[in-house]
Structure formats: C-alpha cells, structure tokens
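The values are calculated or read from the model by the stated rules, or taken from the named source; none is laboratory data. Just so it is clear, the model here is predicted, and its values are computed rather than measured. Glycine gets a Cβ as well: all are built from the backbone with ideal geometry, and neighbour counts include every protein chain shown. When the accessible area is computed, the model is the full protein with side chains, heavy atoms only, and any ligands, DNA or RNA have been set aside. Shrake-Rupley method; radii C 1.70, N 1.55, O 1.52, S 1.80 Å.
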Amino acid sequence: MIDTLYIEENIRHHPRVLEITARFPSARRIICGRYGEVFNPKAQNFRLQKQKPALILAEKYKNFVLEAPAGYGIGAKKNYYFSHMLNCLYDCRYCFLQGMYQSAHYVLFVNYEDFQRDIRQLCADYPDQELHFFSGYDCDSLALEPVTGFAEQFLPAFAELPNAWLELRTKSTQIRSLLSREPLPRGIVAFSLSPESMGAKVEHKAPSLQRRLDAMVKVQEQGWQIGLRFDPLLYQADYQQHYQPFFDQVFARIDSSRLHSVSLGVFRLPEHYFKKMHKLYPEEKLFAGPLSTEQGMVSYRQDLEQDMMQYCTEQILRHAPHSRFFPCSL
C-alpha cells in the first residue's frame, strides 16, 4: 500500500517511526529535514499523487489543538479539533483537503504525547466545563488505524479526562481497536454517510454504505455511542427519491435510543478551494451543479440549499429526537 516513506531526520529513531517502518520493509525510505520540503512545494499535482501517495512521518511543534470554527459542534460550548494526520486514504471528490493542500501524500505526526499534553492542559483549564475534541477534520480518524495506532494510543488518554469528549469521525470499517476495548464513556464514533447511489459516484476508495452500516452496528453493539454525519448533502433533481429511503435504511440498522447525535450539512467550499478542485477535475459533474458563490463560499443556490436542508431535516426528525439533531451552520 505504501511504496515510499519520507522520514524527518530528527525522528528517524523515534519508537513509533521504527514500528511503522517495520510494517513496510520493501518501501523506499527517504530522509528529509522537515516534512514541508516534500508536502508544501507548489509544483505538485494532487490528482497524480493521489494515485499512489507516500507516507511522510513527521513531528509537529505547535498548534496541537485548535478551536473549532463557529457552528462546528454537537452541543458543547467549547469545541476543539486536532489533527494527528494530514490527508485521507479515501478520494472523495467533494473533500476540501484537495483544495487546501498542494500534496496528496499522507503526513503522520508521530509525537502523539504532545497532542495529549495540550488536551490535558485544556481540560485542566476548564475543569467545570465539558470540552469536545474532534478528530477527523484533516483526515479520517480510523482509516489508517492499523498503521498509525491512533485510536489505540488516544482512547486511554481520554479515558482519564472526566470532562473531555472525543469524536472519531470516519468512513472506515477499521474498528478492531474499538471492539477490543471497553467503550469510552465520553467517546463518539461518528460515521459519515451518503446514499449509495450518490456515494458510489464521488466517494472513491471509501467503503460502501452497506459496509459502513455493518461496522456501525458492530460498534454500537459493543456499547459505543455513535454519531451520524450526513454531510455533505449532494443535490440532484430527484434528491428526495435518494435521501428518503437512505435515511430509512440507516435508522433501521441502529438502536436510536443509544444514538448520540445527528448532524446535517450541505456541500460547501471556500471559493479558492473550489477553483483549485475544479481545475483538478474539470469533468466532474458535481462541480457543474447549480452552484453559487456568496461571501467567498461556493454552495448550492440558496433556494435549493434551504429546500434540501428542510426536507432532510424533516426526514431525520421522523427517526431521531430534536435534542440530538445538530444542523451545521457553517
């Protein structure tokens, strides 16, 4: 799966680096000074690199935990996100990462303990408040779990924090590390889901809807709280005929009484990301839809966006209580 490993000079003997490189004995290994030398140059083609990305093993020095954007959350007043990894195993055509980054290579920051230190400090700074931490903003939380051991390393750390919630957002079926331990009382395994008829066209390399639902059921049966992330909503003229049976299908598989939260959001991108992505994939039908630009953001026309949000909200609330529903206001 990984043919090339880039390794920062300062961490070439880090135990986590040695463990990961041992998994790929045939991979070419290239030592670099800092990951940005490989990841940041502009003369790169994201689309070509996505065909066979390299894995860059790096050390992060600052900004381990960041405040989540306004409107991003599931009920808490204090929301943060952290990214142990940049870029994703999957190739979803709507993903903002291909507009954000110059490179499609994966970057893994191996100094997990520094992330955990800052998370503990935030929890100590606000001992009387519940803090929500989101993983999976710049990557998929679980897709490379067999390589990264991310959940295996972070779940015990969060178990020691009485006021910290952790959301693992994923499209993955890599749930072995979740099934092999006691559920985290304040942990949420949040699955991003789309109708199969739509996802098959734009969620390249991602597991099918059926496989994701199967994984979700196993996780919930193990005792984990699950989240449903219907984001982004994708428009086509007969979208109702796709989303109504889709919601019925999803909610028929789960125990709604043990559902933590449901979120909903439409397709949206910063304009400069959209332009870059459209240039990468000029033939992509998604980018030729009824889109408009307002205040630097590209989304569907306001009337279509409102209709979609209203219709899908009504469908979701047939199955889930309003108290667990969080429409995205970004």
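Could you order Ile56, Ile30 so the one with the most accessible surface comes first? Probe is 1.4 Å.
Largest accessible area first, the residues go Ile30, Ile56.
Taking the Cβ-Cβ separation of Lys275 and Ala68 as r and a Förster radius of 35 Å, what is the calculated FRET efficiency to the nearest 0.05?
Efficiency, rounded to the nearest 0.05: 0.85.
For the chain, list the cysteines whose Cβ sits under 4.7 Å from no other cysteine Cβ?
That list is Cys32, Cys88, Cys123, Cys139, Cys312, Cys328.
Output the peptides 162-170, 313-321 sorted from most to least packed, where packing is the average of other Cβ atoms within 10 Å over each peptide's residues.
162-170, 313-321
Might you work out the accessible area of Arg186 for me, using a 1.4 Å probe with all protein chains in place, and round it to the nearest 10 Å²?
Around 50 Å² of this residue is reachable by solvent.
From the backbone phi of region 112-128, what are the Karplus-calculated ³J(HN,Hα) couplings (6.51 cos²θ - 1.76 cosθ + 1.60, θ = phi - 60°) in whole Hz, Gly and Pro given as x?
My calculation for region 112-128 gives 4, 4, 5, 4, 5, 4, 5, 5, 4, 5, 4, 5, 6, 6, 10, x, 9 Hz in order.
Which percent, to the nearest 5, of DSSP beta bridges fully inside the chain are antiparallel?
Percent antiparallel among DSSP bridges in the chain is about 25.
State log₁₀ I(q)/I(0) for the chain at q = 0.16 Å⁻¹ as given by the Debye formula over alpha-carbon point scatterers of equal weight, solvent excluded.
Each listed q maps to, in turn, -1.56.
Would you mind working out the accessible area per residue for the chain, using a 1.4 Å probe, and quoting it in Å²?
Accessible area per residue, the chain: 45 Å².
Tell me which residues come under 5 Å, amide H to amide H, from Phe326 once H is placed; ignore anything under 5 positions away on its chain.
Residues meeting the amide H criterion: Val262, Ser263, Leu264.
Between their Cα atoms, which of Lys201/Lys276; Lys62/Lys285; Lys201/Lys279 are more than 28 Å away from each other?
In this structure, Lys62/Lys285 lie more than 28 Å apart at Cα.
Return the FRET efficiency for the residue pair Gln121, Gln241: r is the Cβ-Cβ distance, R0 is 56 Å, and the value is rounded to the nearest 0.05.
0.65
Using modelled backbone amide H atoms (1.01 Å from N, in-plane), which distant-in-sequence or interchain residues come within less than 5 Å of Lys60's amide H?
For Lys60, whose amide H was placed from the backbone, the distant partners under 5 Å are Val110, Asn111.
For Ile7, enumerate residues with amide H under 5 Å from its amide H, sequence gap 5+ or separate chain, H modeled in the peptide plane.
Amide H neighbours of Ile7, under 5 Å, 5+ apart: Ile30, Ile31, Cys32, Leu57.
Would you calculate a helix-derived [θ] at 222 nm for the chain, using -39,500 (n - 2.57) for each DSSP H run of n ≥ 4 and dividing by the full residue count, to the nearest 500?
Helix contribution divided over all residues of the chain: -9500 deg cm²/dmol.
Given region 245-330, report the % of alpha carbon pairs whose separation exceeds 20 Å.
47 percent
Please list, in order along region 40-45, the HN-Hα scalar couplings obtained from phi with the Karplus expression 6.51 cos²θ - 1.76 cosθ + 1.60 (θ = phi - 60°), rounded to whole Hz, x for Gly and Pro.
9, x, 6, 7, 10, 10
For region 196-330, with the dipole built from +1 on Lys and Arg beta-carbon atoms and -1 on Asp and Glu ones, taken about the Cα centre, which of Gln306, Pro290, Leu269 lies farthest toward the positive end?
The one lying farthest along the dipole's positive direction is Leu269.
Along the Cα-to-C-beta direction of Gln49, a point sits 7 Å from the Cα; which residues of region 265-304 have their amide N less than 19 Å from that point?
Of the residues in region 265-304, 272-282 have backbone N under 19 Å from the label point off Gln49.
Putting +1 on Lys and Arg Cβ atoms and -1 on Asp and Glu Cβ atoms, find which of His13, Gly199, Gly227 reaches farthest to the positive end of the dipole of the chain.
Result: His13, furthest along the dipole toward the positive end.
For region 138-143, just list the computed ³J(HN,Hα) in residue order, Karplus coefficients 6.51, -1.76 and 1.60, θ = phi - 60°, integers in Hz, with x standing in for Gly and Pro.
Working through the residues one at a time gives 9, 6, 9, 4, 10, 4 Hz.
How large is the dipole of the chain about the Cα centre if only Lys and Arg carry +1 and Asp and Glu carry -1, each at its Cβ, rounded to the nearest 20 debye?
740 debye
Using a 1.4 Å probe on the protein heavy atoms, what percent of the accessible area of the chain belongs to carbon and sulfur?
48 percent
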